[in-house]
Amino acid sequence: MLRSVILAASRSSRVERLVATAPFTRDVVRRFVAGAKTDDALRATRELVDDGLAVTLDNLGEDTVTPDQANAIRDEYLRLLKLLAGAGLTPAAEVSVKLSALGQTFDEQLAYDNARAISAAADEAGTTVTLDMEDHTTTDSTLDILAKLRKDHPSTGAVLQAYLRRTESDCRELASAGSRVRLCKGAYKEPESVAYQSAREVDKSYVRCLNILMSGDGYPMLATHDPRLIAIGEDRARWFDRGPERFEFQMLYGIRPEEQARLVGEGYTVRTYLPYGEDWYGYLMRRLAERPANLAFFGRALISKK
Ligand SMILES: Cc1cc2nc3c(=O)[nH]c(=O)nc-3n(C[C@H](O)[C@H](O)[C@H](O)COP(=O)(O)OP(=O)(O)OC[C@H]3O[C@@H](n4cnc5c(N)ncnc54)[C@H](O)[C@@H]3O)c2cc1C
């Protein structure tokens, strides 16, 4: 019910105008999104890097349904990478890319070609690309494209979602030398046939996957705000003798900034996921709709910086 209301709101330009002009919204958006323009993204990146954080930038796009839209997103990433390198922000800053934004839903080859162009630009800029993971119907296609990209760009990062039943096996597959893997809980509403449904089961799966990645040969990227999982990550880092160059923590921009700073202070590598772009409204609303619990997630973040 709540999900349908939020989804309806996300499609309504009247609600968008209302939300976009409300004073409260500006604070929410500023807290979670760098801004609408590439310059805003560069400014926020500079601040984070000056604070000792690494960054991964996500250009927010609305649903991509035409090749022109897909190519425009690719071009924005190419521009961004040049600007990041020019500003001396690479390799601390890399980019996160959604294949759906590059055309995956209607033309897989186009999405691959676009991702390849972005990976080549990232190489030139001296940094890396991570492929975000979307709903489970795209997992195989995304992992196929990842495998193809890694032939020429071995540092391309993958994302695996602990809520999927298949993920332990994907972790085993990807825990090899040079393989960058972001482990997150997963943000989409998925059916029981493919995904654990309870928080407890998801958390247990996260720990099993974390153990596989931290004991393997790859480069684990532990993306979570969950204090218990972060503590387990710290414990395994000590156990497997992984220093700051051999794994990292990742969190979203605006969420638990004090915890991000604490981990940096402890000497860990911490990367902030920084979204920017005109389409922040769709981004925030879809995050809420995908998981109405995110209302609490964002609400909690506004109240607490810890
Ligand atoms: C860097 C990054 C990249 C991501 N990429 C993807 C992706 O490609 N695909 C995808 O499906 N999902 C992605 N996600 C989203 C992810 O899957 C989860 O939906 C999201 O991170 C929430 O899960 P959580 O692990 O943070 O813990 P939750 O289960 O949301 O929270 C667990 C506990 O963490 C603490 N906590 C959480 N939020 C807050 C807060 N705001 N303030 C204070 N304490 C808090 C609380 O103690 C809470 O009980 C990404 C997340 C991150 C951080």
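Summary table
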{"read-out": "Theoretical gain in end-to-end length, ASP241 to ASP50 [0.36 nm per residue, Cα-Cα removed]", "value": "66.1 nm"}
{"read-out": "Reachable lysines from LYS204, criterion Cα separation under 17 angstrom, eight or more residues apart if same chain", "value": "LYS185"}
{"read-out": "Over the chain - Rg/Rh using Cα atoms and the Kirkwood inverse-distance radius", "value": "0.93"}
{"read-out": "Sequence-distant residues sharing a close amide H with THR128 (under 5 Å, placed H)", "value": "VAL95"}
{"read-out": "Using a Förster distance of 30 Å, the FRET efficiency for ASP113-ALA87 (Cβ separation, nearest 0.05)", "value": "0.65"}
{"read-out": "Per-residue ³J(HN,Hα) for segment 181-194, Karplus 6.51 cos²θ - 1.76 cosθ + 1.60, θ = phi - 60°, Hz, x for Gly and Pro", "value": "10, 8, 9, 10, 6, x, 10, 9, 7, 10, x, 4, 4, 10"}
{"read-out": "ARG79 paired with LYS37, simple spin-label distance in nm, labels 7 Å along Cα-to-beta-carbon", "value": "1.1 nm"}
{"read-out": "Amide H contacts of ARG180 (H built 1.01 Å from N, under 5 Å, at least 5 apart or other chain)", "value": "ALA158, TYR219"}
{"read-out": "Amide H partners (placed H, <5 Å) of ALA195, local residues excluded", "value": "ARG165"}
{"read-out": "Backbone HN-Hα couplings from phi across segment 195-202 [Karplus 6.51/-1.76/1.60, Hz, Gly and Pro as x]", "value": "9, 5, 9, 9, 4, 5, 5, 5"}
{"read-out": "Order by protection proxy (mean Cβ within 10 Å, highest first), peptides 168-180, 191-203", "value": "168-180, 191-203"}
{"read-out": "Convex hull of Cα atoms in segment 45-92, direction-averaged projection (nm²)", "value": "3.6 nm²"}
{"read-out": "Simple spin-label estimate for LYS148 and GLU234 in nanometres, 7 Å along Cα-Cβ", "value": "4.3 nm"}
{"read-out": "J(HN,Hα) series, segment 235-244, from Karplus relation 6.51 cos²θ - 1.76 cosθ + 1.60, nearest Hz, glycine and proline x", "value": "4, 5, 4, 5, 4, 9, 6, 9, x, x"}
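Since every read-out is calculated from the coordinates, none of them should be taken as a lab result. Here the structure is a predicted model, which means the values were calculated and not measured. In this analysis, Cβ positions are derived from the backbone assuming ideal geometry, glycine residues included, and neighbour counts consider all displayed protein chains.
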